[in-house]
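Laboratory data are not the source of any read-out in this text; all were calculated from the coordinates shown. Because the structure is a prediction, the values reported are computed rather than measured. All Cβ positions, glycine included, derive from the backbone under ideal geometry; neighbour counts span all protein chains shown.
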Amino acid sequence: MILKIKKNIILFIFIVFISINFLNSVFALTASSGNYSVNMFGTGMATASPSSSNYNSTVLSEAKGTTRNAESSSLTGNIGFFENTIYYKTVSITSYSISPASAVVGSTIGVYISALNYQSVWAKITSPNSQEQTLTLTNGQTVNYVPSPSVVGTYQVILYANSSTGAITSVVSSFELTAQSTTPPSGGGGTTTIIEKCTYNWDCTPWSVCSDGKQTRECKNIGTCEGNESKPIKEMKCSESLFDIALELKNIELTKNSTLKFSIDLIEKIGTGKIDVHIKYSIMNKEGYEIFSQIETKATQSNLSYQKEIEEIKLIDGEYILRVDILYGNLQRAFAEQKIKIMNGKIKTSESVSNIQKIIEFLKANYLIIILIIIALIFILYIKRSISKEVKFKIVPSEKKPRPFENIKIIEGEKYLEIKPREIEPIKIEREIPIESKKDMNLKTLVFRTLGDEHKKYPQNSILGLMNKNVYSESGHYLGKVNDIILGENRIDSLKIKLDKKHKFKAGGIVIDYKQVKSVNEIVIIDDRVSEYLEKIA
């Protein structure tokens, strides 16, 4: 009775422990109005769905660091909340456009930008004669720009967005300005009628980065014709590039006006064609926050080396990471990054590190540990092999006399029957079995013997050929498996057989003299008298 009470107390304590530690107690408070609804749970998580005629939104907050799972009919997500961290808003440019990308003198160029977490947006336009103009932009709207009619060529446009923390993000684009075609003067007098033929001039944006296995672009006709004649394709499948581009950073220096200047080498290892490479330059501070980023596209064929200068941000004393990422082909990537330290207006750099170099450096730094692990694995395998050899093979003194047929032997704590023929009843080998006993063999035994003769994996009497083989009687009854071999003087003395558990024998196994083995091929066939004896003592 007392024992039963103790068990109940232990069970009760266990249930209480599980309830406290693994079951979340939920205390809910729900508030709602015509415009919003809020659910507050006792665990500290709050959800809200405020809305009005102009907007609707969903808010999820958590009082402490944890994770939550979210699931609907179309998606499953896991949301993480970080404790004791400062919320950092990253400024980013979500979309932009320069339209048209090719125009004639006198045309108006539309500049569009859409940014998040921004304080202000603007564009810097550099003409072919290196004259710079700053154009103030309006987020989410197109601002028109009229280039100088006297300067034709490629105009570089850098669109910027900054945040209240001083972080800057930018993207590099361009447009082409060409001179208007002139009509030659007519000759002689008389009236001449000129019929102008309309033209198509398709202006397309660059191909987008691969998404869902495809690339897209927008094309607009800025010519005088109406229609879709010769309109370029707007969508194509992404394909693996034959390029293998290595990226190297070098010659990093800080100029007198505290701007960063460095050299970039894009080395094409495979392929000979021309390919557009999307390049992103990033500078991160010691805390890992991105304080500057810029994206541009460059066409490369074979190798491309150029110098880059970041003058938009002035670096003060501190530690930074300069990182360059490239994206090409079907989302194929490469990157290089370098830690830099600025002290008293001077820059100190460590060696540029790429993804492959990181692996090599890790192997170099930890080669001793790797070698020790390999040696330990080899030693463990050697010990296991040595132990297995000691267990599987036992030496029996040659002067030991054969035991009686009905002798019981204790081996490794288990009862085994050691069955050997009496000296007065020697058992002959298989080839000397009388014809009558051969006729008694069933078809199954004969088939196994035939297959064994044609497909020998090991010699019939070899040790490797015997281990773990299935053992059958001459009449075809399955007895068990060979799990040990006992060696005598220059020969196999006997076999230890683990009996199958379906047999209700008193012993777990038997040890038989090797003379009782009738055949060894894919299976081991033993004398029927062993099976008959086992049935008698069962």
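Report Rg/Rh for segment 120-178, rounded to two decimals, where Rg is the Cα radius of gyration and Rh the Kirkwood radius.
Dividing the radius of gyration by the Kirkwood radius yields 1.01.
Subtract the Cα-Cα distance of K341 and Y367 from 0.36 nm times their separation in residues, and report this length gain in nm to one decimal.
Residue separation times 0.36 nm, minus the Cα-Cα distance, leaves 6.5 nm.
Send over the per residue convex hull volume for segment 271-325, Cα only, as a whole number of Å³.
Normalising the Cα hull of segment 271-325 by residue number yields 93 Å³.
Using the alpha-carbon centroid of each, what span in Å lies between segment 274-348 and segment 461-538?
If we compute the Cα centre of each part, the gap is 74 Å.
Please rank Y96, Y289, fewest neighbouring Cβ atoms within 10 Å first, as an exposure proxy.
In increasing order of surrounding Cβ atoms, one gets Y289, Y96.
Cα-Cα over 26 Å: which of K314/K339; K124/K197; K250/K314; K124/K234; K124/K261; K308/K364?
K124/K197; K124/K234; K308/K364
Could you list V324, V152 in order of exposure, starting from the residue whose Cβ has the fewest other Cβ atoms within 10 Å?
Ordered by Cβ neighbours within 10 Å, fewest first: V152, V324.
Can you tell me the FRET efficiency between Y306 and L135 if r is taken as the Cβ-Cβ distance and R0 is 25 Å, rounded to the nearest 0.05?
0.45
So, R0 is 60 Å and r is the distance between the beta-carbons of T255 and A376; what FRET efficiency does that work out to, to 0.05?
Result of the calculation: an efficiency of 0.65.
So how do D317, D513, D212 line up by other beta-carbon neighbours within 10 Å, fewest first?
D212, D317, D513
Which of I492, H477, N521 sits farthest toward the positive end of the charge dipole of segment 463-530, with +1 on the Cβ of Lys and Arg and -1 on the Cβ of Asp and Glu?
H477
Between L487 and I360, what's the calculated FRET efficiency when r is the beta-carbon distance and R0 is 41 Å? Round to 0.05.
Once the sixth-power term is evaluated, E becomes 0.20.
Could you run the Karplus curve 6.51 cos²θ - 1.76 cosθ + 1.60 with θ = phi - 60° over segment 118-134 and give me ³J(HN,Hα) per residue in whole Hz, x for Gly and Pro?
3J(HN,Hα) across segment 118-134, in whole Hz: 9, 9, 8, 10, 7, 9, 10, 10, 10, 7, x, 8, 6, 7, 10, 9, 9.
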